Every structure is written in C-alpha cells, then in structure tokens.
Amino acid sequence: MKLEIEAEDIDAIAEKVSEKLKPLLSHIEGHGDEDTIFDVEGGAEYLHVDPSWVYKQVSLKAIPFFKTGKYIKFRKKLIDKWIENGTVRPVPGLKLVKIKG
C-alpha cells in the first residue's frame, strides 16, 4: 500500500508539530523568554505577590537578584530555578497498616 501526501498537507502537519514543540523548547536555555529581566514590579507580578514582599526577600537575600546602580533586577531564568529548588515534592502514597493486637 502506497500513501501519497500532498505538499500542502505536509506543510500543515509541520506547522502543527512546530506549534506543539514551541512550549517545550521555550524551557531549554537560550530559547523563549528565559533571558527576560524584571524590575521589582515585574518580578512581583510574575510571582503573583506584592512588591513589598519582593523588597523583603531582597533585604533577606532570599531571592536571586542583581543591581544596576540603585535599581533591583531579576533574571527570569534564575527566578524559575529558585522556584524549582524550593518546590516541595509530593510523598508517594503510604499504605496504612492496621496492627491487630
């Protein structure tokens, strides 16, 4: 059995595959918006917290940041790594055993 595919169909398939791969490739260093730099307000918006919380974390040196003059800045890729390192992983389900006695 021989199957022939039209050039337009191949292009449509390639476009769909490309759309599906874009989100996956954006997590690889050097792709997507990983080099985004936030100011305090942008970092707070990205983290869904108040800017006052961000300032507090900076004063405690609990969040990765850098300064350009007097301005506090954050690299998105370092914030993402900081979040990943602080993520609590679920414990696999434990089986409860009832002891007779």
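Bear in mind these aren't lab numbers, they're just calculated from the coordinates by the rules spelled out. Keep in mind that what you see is a predicted model, and the values were worked out from it rather than measured. No Cβ is skipped: glycine too gets one built from the backbone with ideal geometry, and neighbour counts run over all protein chains shown.
Give me the distance in nm between label points sitting 7 Å out from Cα along the Cα-to-Cβ direction at GLU19 and ILE5, one decimal.
1.6 nm
What order do you get for VAL91, VAL17, VAL54, VAL49 when you list them from fewest to most C-beta neighbours inside 10 Å?
The fewest-first ordering by Cβ neighbours comes to VAL91, VAL17, VAL49, VAL54.
For the chain, which span is the longest to avoid every loop-located (per DSSP) member of trypsin sites (Lys or Arg not before Pro) having at most 10 other Cβ atoms inside 10 Å?
My reading of the result: 3-60 is the longest stretch.
Calculate, in nm to one decimal, what PHE66 and ILE37 gain on full extension: separation in residues at 0.36 nm each, minus their alpha carbon distance.
Full extension of this stretch gives 9.4 nm more.
Explain nothing, just compute: Karplus ³J(HN,Hα) = 6.51 cos²θ - 1.76 cosθ + 1.60, θ = phi - 60°, for every residue of the stretch 16-22 in order, whole Hz, x for Gly and Pro.
Values, residue by residue: 5, 4, 4, 4, 5, 7, 3 Hz.
How do GLU4, GLU41 rank when sorted from fewest to most other Cβ atoms within 10 Å of their own Cβ?
Ascending Cβ contact count within 10 Å gives the list GLU4, GLU41.
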